1. Shape of region 2-64 from its Cα gyration tensor (a ≥ b ≥ c, root eigenvalues): rounded if a/c is under 1.5, otherwise prolate when a/b > b/c, or oblate?
2. Select from 13, 2, 25 the residue farthest towards the positive end of the dipole of the chain; place +1 on Cβ of Lys and Arg, -1 on Cβ of Asp and Glu, and compute about the Cα centre.
3. Can you return the lysines within cross-link range of residue 7? Criterion is Cα-Cα under 20 Å, with same-chain partners fewer than 8 residues away left out.
4. If you average the C-alpha positions of region 1-27 and of region 36-52 separately, how far apart do those two centres end up, in angstrom?
5. Using the Cα centre of region 2-64 as the reference point, and only Cβ charges (+1 on K/R, -1 on D/E), how large is the resulting charge dipole? Debye, rounded to the nearest 20.
6. Show that you can apply the helix-only estimate: for the chain, add -39,500 (n - 2.57) for every DSSP H stretch of four or more residues, divide by all residues, and state [θ] at 222 nm to the nearest 500.
7. Helix 12-23 against the longest principal axis of the chain: what's the angle in degrees, Cα atoms only, rounded to the nearest 10?
8. Relative to the longest principal axis of the chain, what angle (0 to 90°, nearest 10) does the C-alpha long axis of helix 50-60 take?
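FYI, it's all coordinate maths here, none of it is from the lab. Computed from a prediction, not measured in an experiment: that's the story for all the values here. Note: ideal-geometry Cβ built from the backbone for every residue, glycine included; neighbour counts use all protein chains shown.
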Amino acid sequence: MATIKIKGMTCNHCVMAVNKALNEIEGIKDVKVDLQKGEAIFEEAKPVDMNIVRERIKKAGYEVV
Ligand SMILES: [Cu+2]
């Protein structure tokens with residue numbers, strides 16, 4: 001299980017956008033995004049490149065910190 005901190009989420013729309021971005025990455029499953037804590041938790045079905053995670057989150061308009 002991996003936890004990442006995400007900057008820039010302000011509402012449930014942001015949560016959904018981050019959730020979608022993470023779910024589209026191969027190997028990531030069981031995504032849970034916590035708006036209040038500003039973090040996302042997910043399982044890695046196979047090793048996930050954190051650079052890709054960073055990139056996809058950024059593309060969605062947020063930042064992994
Ligand atoms: Cu929002």
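1. Verdict is prolate for region 2-64.
2. Result: 13.
3. 20, 32, 37, 58, 59
4. The two parts, judged by their Cα centres, are 8 Å apart.
5. 200
6. -11000 deg cm²/dmol
7. Compared with the principal axis, the helix lies near 10 degrees.
8. That helix lies at roughly 40 degrees to the long axis.
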